Amino acid sequence: MIDTVRSRAAELLKSGEVSVVVGYREGRRRELAVPHFVRDVADVDALVLDPFCSGGLAVFATREAVSQGAAFVATPQDIRSLRVLVQEGQITSENVRIIGFACQAPGNPAGEIRLLEGSRLEDFDNVIECAADNNIAAEVARIMAMPPEERWRFWRAEFDKCVRCYACRAACPMCYCAECIADRNLPQWIETTARPRGNFAWNLIRAWHLAGRCTLCGACERACSEGIKLTLLNAMLAAEVRDAFDYVAGFGCADEAGVFASFKDSDKEEFLIDG
Amino acid sequence: MSDTREFVPRITAFVCNWCTYAGADLAGTTRLAYPATVRIIRVPCSGRIDPVFLIKAFEKGADGIIVSGCHPGDCHYSSGNYYARRRWSIFPKLLEFIGIEPERLTFTWVSASEARKWADVVAEATERVKSVGPLAHFAPLAAAAPEGEGAL
């Protein structure tokens, strides 16, 4: 299977379709695969594909060095992330090629990997299924079932751990803003010190800015040195958006605006209070 | 000595310039009485109200928040309130998820002629906030030092 990945990478480079292939090579530990940028056909042999290829390479798509034609060794979530980036006008789909794979148990050495058919983003309309993560859904439900004070204590404990390194932001394919609201100081909406008040504001706004855009690739949580349960917030918002607007990030077509960049006259408004 | 004074909520209202602010103004000029719990912040359009405003208001001591703009179809900028409606149907769920009671948030449409409705909305929002009491969540956050700092 890795031979297929390498030969496809070599083909794409040779044909000039892309100038770089973004994939994985072996890390310093067995349980680690790290991003690898192949610009030369001779380097394709360093590419690996195993259950430790955790996804998230879509984060590089908006980097200038890569945006001019790149192939990504991509998970279904990565493919969806790339589609969101096209939808948001950050990249053009003509510049993107996909070497798709899906692992049925990421992170598990025995996890089975299969390659996905297709090369361009449009080829994946029907194969970007994401197995619903019932564990996360159950955890969201468990928290929602707590009384409000307990929910606050839960998130207080989580957000208190935050050291404000912004690794979550750096790892996120959707966090491409040249100037993040967290870095703005005139006015300063979000306190910058790693104290509870700013930590709440940061973590809430980070999650909010990903509502309807996050594809649940989990890169933020994997990047978090403190193990904050960021995916829980993302998954909760994704579920709300799905229920309210029948919208899942990365499934729409590229010429359709995102869920908060569009509206319908018929949008529900039961949440309104009518005096 | 225990404090037996009745809890008077502090409510921040983010209202659009064209409808709700005018409606609130009309409530004043027609001498409608409504609870003096609300501090109004006027913005160009309900679509201008960024959720970070709400977080800031809570940080600064608001017990509850009202967000109101023009009725659908009446937006001065034709569609700002439709975008706002999408946003406000989801953002409260995030606040609820982290433990802020939904009673603290009141979303509505008030037109420039609906002075009565504005008075009723403020009265209802006040009762809703009273039912959950003062927001005690954010004040301790400001005071709290990061873990371990006190030991240095």
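Quickly run through the stretch A:65-94 and pick out the residues that are touching a strand residue (DSSP E or B) at 6+ places or on another chain (Cβ under 7 Å) and assigned to a loop (DSSP other than H, G, I, E, B). The one that is touching a strand residue (DSSP E or B) at 6+ places or on another chain (Cβ under 7 Å) and assigned to a loop (DSSP other than H, G, I, E, B): A:THR75. Inside the stretch B:53-90, residues that are closer than 17 Å to A:ASP265 by Cβ, of a type in the set (D, E, K, R) and at the interface with chain A (Cβ under 7 Å from one of its Cβ atoms) make up a count of 3. With a requirement of 1 or more residues that are charged (D, E, K, R) and more than 14 Å from B:ALA115 (Cβ to Cβ), the strands (runs of 3 or more DSSP E) lying completely within the stretch B:1-70 that satisfy it span B:38-43. Put simply, of A:GLY23, A:GLY16, A:GLY27 the only residue that is at pLDDT below 95 and under 19 Å from A:ARG97 (Cα atoms) is A:GLY16.
Only a single criterion out of (1) outside any helix (DSSP H, G or I); (2) out of contact with any helix residue (DSSP H, G or I) (no Cβ under 8 Å at 6 or more places or on another chain) is not satisfied by A:MET146, namely (2).
The rows are residues; the columns are (1) within 25 Å of A:VAL241 (Cα to Cα); (2) more than 13 Å from every other protein chain (Cβ to nearest Cβ); (3) modelled with pLDDT under 95; (4) over 21 Å from the mean Cα position of the chain (by Cα).
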site: A:ASN134; (1), (2), (3), (4): yes, yes, yes, no
site: A:ARG151; (1), (2), (3), (4): yes, no, no, yes
site: A:MET174; (1), (2), (3), (4): yes, yes, no, no
site: A:GLN188; (1), (2), (3), (4): no, no, yes, yes
site: A:ALA211; (1), (2), (3), (4): yes, no, no, no
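Taking the numbered list (1) outside any loop (DSSP other than H, G, I, E, B); (2) in contact with a Cys (Cβ under 7 Å, 6 or more places away or on another chain) in turn, A:VAL21 passes all entries but (2). Take the conditions at the interface with chain A (Cβ under 10 Å from one of its Cβ atoms) and of a type in the set (Lys, Arg) and apply them to B:ARG48. Does it pass? No; evaluated as a whole, the condition is false for this residue.
Take the residues in the stretch A:156-172 that are of a type in the set (A, V, I, L, M, F, W, C) and away from chain B (no Cβ under 14 Å), then tell me which one is surrounded by the fewest Cβ atoms within 10 Å (Cβ to Cβ).
Filtering the stretch A:156-172 for residues that are of a type in the set (A, V, I, L, M, F, W, C) and away from chain B (no Cβ under 14 Å), the one surrounded by the fewest Cβ atoms within 10 Å (Cβ to Cβ) comes out as A:ALA170.
Among the residues of the stretch B:133-152, is any modelled with pLDDT of 95 or more, surrounded by fewer than 22 Cβ atoms within 10 Å (Cβ to Cβ), under 25 Å from A:ALA235 (Cα atoms) and out of contact with any Leu (no Cβ under 7 Å at 6 or more places or on another chain)? Looking through the stretch B:133-152, none of the residues is modelled with pLDDT of 95 or more, surrounded by fewer than 22 Cβ atoms within 10 Å (Cβ to Cβ), under 25 Å from A:ALA235 (Cα atoms) and out of contact with any Leu (no Cβ under 7 Å at 6 or more places or on another chain).
The requirement of being loosely packed, with under 15 Cβ neighbours inside 10 Å and either of a type in the set (Phe, Trp, Tyr) or closer than 30 Å to A:VAL5 by Cβ (or both) is fulfilled nowhere in the stretch A:136-155; no residue meets it.
Taking the condition in a strand (DSSP E or B) and either of a type in the set (A, V, I, L, M) or modelled with pLDDT of 95 or more (or both), does A:ARG97 pass? Spelling it out, A:ARG97 is indeed in a strand (DSSP E or B) and either of a type in the set (A, V, I, L, M) or modelled with pLDDT of 95 or more (or both). Selection within the stretch A:173-183: residues that are farther than 16 Å from A:ALA219 by Cβ and not aliphatic (A, V, I, L, M). The member of this set that is surrounded by the fewest Cβ atoms within 10 Å (Cβ to Cβ) is A:GLU179.
Among the residues of the stretch A:247-275, those identified as modelled with pLDDT under 90 and of a type in the set (D, E, K, R) are A:ASP255, A:GLU256, A:LYS268, A:GLU269, A:GLU270, A:ASP274.
There is no residue in the stretch B:92-105 that is under 13 Å from the mean Cα position of the chain (by Cα) and either in contact (Cβ under 8 Å) with a residue 60 or more places away in the chain or over 28 Å from A:ASP160 (Cβ atoms) (or both). Please indicate, with yes or no, whether at least one residue in the stretch A:42-64 is without any contact (Cβ under 8 Å) to a residue 60 or more places away in the chain, buried (at least 22 other Cβ atoms within 10 Å of the Cβ), of a type outside the set (Asp, Glu) and assigned to a strand (DSSP E or B). Looking through the stretch A:42-64, none of the residues is without any contact (Cβ under 8 Å) to a residue 60 or more places away in the chain, buried (at least 22 other Cβ atoms within 10 Å of the Cβ), of a type outside the set (Asp, Glu) and assigned to a strand (DSSP E or B).
Among the residues of the stretch A:155-167, is any closer than 25 Å to A:ALA61 by Cα, in a helix (DSSP H, G or I) and modelled with pLDDT of 95 or more? For the stretch A:155-167, residues closer than 25 Å to A:ALA61 by Cα, in a helix (DSSP H, G or I) and modelled with pLDDT of 95 or more: present.
Of the residues making up the stretch A:178-185, one or more are of a type in the set (Lys, Arg), at pLDDT below 95 and under 28 Å from A:ALA261 (Cα atoms).
The values are calculated or read from the model by the stated rules, or taken from the named source; none is laboratory data. The structure presented is a predicted model; accordingly, all values stated were derived computationally and were not measured. Note that each Cβ is placed from the backbone with ideal geometry, even for glycine, and that neighbours are counted across all protein chains shown.
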